[in-house]
Amino acid sequence: MPLVDPVTMSSSAIVKGAVGPSASATKATPGTQGTDSATASTTAGTSSSLATLRPVHIKQTPTAQTVRHALPAALTALYLLRFDALVADPVPVMRNSLPVVAALQMTYALLCLPAAGEPASKSNRKPRPGEKKKGGEIGSSTIITALLATVLTSVVTPFLYFAMVLFGAPFLTHGSHTFLCAAHLALLTLFPLFYVHGVDSAAWAAVAGFRAPFDETFGGLVGGLVGAWLGAVPIPLDWDREWQKWPVTILCGIYGGYLLGRVLGGTLFWGKRF
């Protein structure tokens, strides 16, 4: 069972680099105590900046690989089957589909992704010849990590709502439309990242600065954000179509961009950086 600190939730994708000289080389000598103290302080302060974020590996169990490929199909089917109802009345459709999307994302995280604090070697180890590897091992610590990731996703959702307003979403009207759209965006793009990185400051600095390597989680974030931005393009066009109303095209861009970014991040662009 992976050991997860529910307070720090440190990322399992962080690799600490060799920092500072060896212990024997940093022994204080007469007249250099002050210099050594300053060096030690600088070394401690820069250790986190020297941490390298590596791409997240999907678990190699048969169950994980099946869920990994089935999730995009399930999300696509859910969106297409409810598209007409979404155009007719967006709010109830987005509200009712949110628990379904949450369940799909949590299943994906628990079965496919390494939890924050879980040793990467344990989640990525391939079975030896003749060894049967259990599929979908879920411990109490991974469930706690998933619940904490859900809480963090909920906390971030209002900030995404205000960001959408700053980017032109209706402020005095369509408040529930925008908030539910922000909730879908957070659940798709941020929940997996909270699950694998927790609240690790070095990991989130790399993600926020778009310096993280591509994988399924980071690719989904980039794809979802780009898709949301491109989804706003048809709204002001004078086509007079029902599906142009807020936020149908935004939600379409979020789902399409997330799925495309997730697939490309886990295959063609895996390990690459901006």
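If you scan the range 56-84, which residues turn out to be closer than 17 Å to ILE250 by Cβ and over 24 Å from the mean Cα position of the chain (by Cα)?
ARG82, PHE83
Answer with yes or no whether TYR161 is of a type in the set (Ser, Thr, Tyr), surrounded by 14 or more Cβ atoms within 10 Å (Cβ to Cβ) and over 14 Å from the mean Cα position of the chain (by Cα). Spell out the reasoning first.
On the way: of a type in the set (Ser, Thr, Tyr): yes; surrounded by 14 or more Cβ atoms within 10 Å (Cβ to Cβ): yes; over 14 Å from the mean Cα position of the chain (by Cα): yes.
Answer is yes for this residue.
Restricting the range 230-274 to residues that are assigned to a loop (DSSP other than H, G, I, E, B) and among the basic types (Lys, Arg), which is nearest to THR66 (Cα to Cα)?
To start, the set of residues in the range 230-274 that are assigned to a loop (DSSP other than H, G, I, E, B) comprises 232-241, 245-247, 267-274.
If we keep only those that are among the basic types (Lys, Arg) too, we end up with 241, 245, 272-273.
On the way: ARG241: 38, LYS245: 36, LYS272: 24, ARG273: 27 Å.
Per the criteria, the residue is LYS272.
Surrounded by fewer than 18 Cβ atoms within 10 Å (Cβ to Cβ), within 24 Å of ASN96 (Cβ to Cβ) and of a type in the set (S, T, N, Q), is that true of THR153? Full working, then the answer.
Working: surrounded by fewer than 18 Cβ atoms within 10 Å (Cβ to Cβ): no; within 24 Å of ASN96 (Cβ to Cβ): yes; of a type in the set (S, T, N, Q): yes.
When the stated conditions are applied, THR153 does not pass them.
Which ones in the range 169-205 are β-branched (Val, Ile, Thr) and either crowded, with 23+ Cβ neighbours inside 10 Å or outside any loop (DSSP other than H, G, I, E, B) (or both)?
Looking only at the range 169-205, we keep the residues that are β-branched (Val, Ile, Thr), and these are 173, 178, 189, 196, 199.
Residues satisfying the conditions are THR178, THR189, VAL196.
For the range 160-174, which residues satisfy the criterion of being in contact with a helix residue (DSSP H, G or I) (Cβ under 7 Å, 6 or more places away or on another chain), at pLDDT 90 or above and among the aromatic types (Phe, Trp, Tyr)?
TYR161
Of these, PRO236, PRO213, which one is of a type outside the set (A, V, I, L, M, F, W, C), open to solvent by 30 Å² or more (accessible area, probe 1.4 Å) and more than 19 Å from HIS184 (Cβ to Cβ)? Before you say what the answer is, go through the steps one by one.
Numbers: PRO213 fails: open to solvent by 30 Å² or more (accessible area, probe 1.4 Å).
After ruling out the rest, the residue left standing is PRO236.
The values are calculated or read from the model by the stated rules, or taken from the named source; none is laboratory data. What you see is a predicted model, and the numbers here were worked out from it, not measured in a lab. We place every Cβ from the backbone using ideal geometry, glycine too, and count neighbours over all the protein chains shown. Each accessible area value is taken on the protein alone, full model and side chains, heavy atoms only, with ligands, DNA and RNA left out. Shrake-Rupley method; radii C 1.70, N 1.55, O 1.52, S 1.80 Å.
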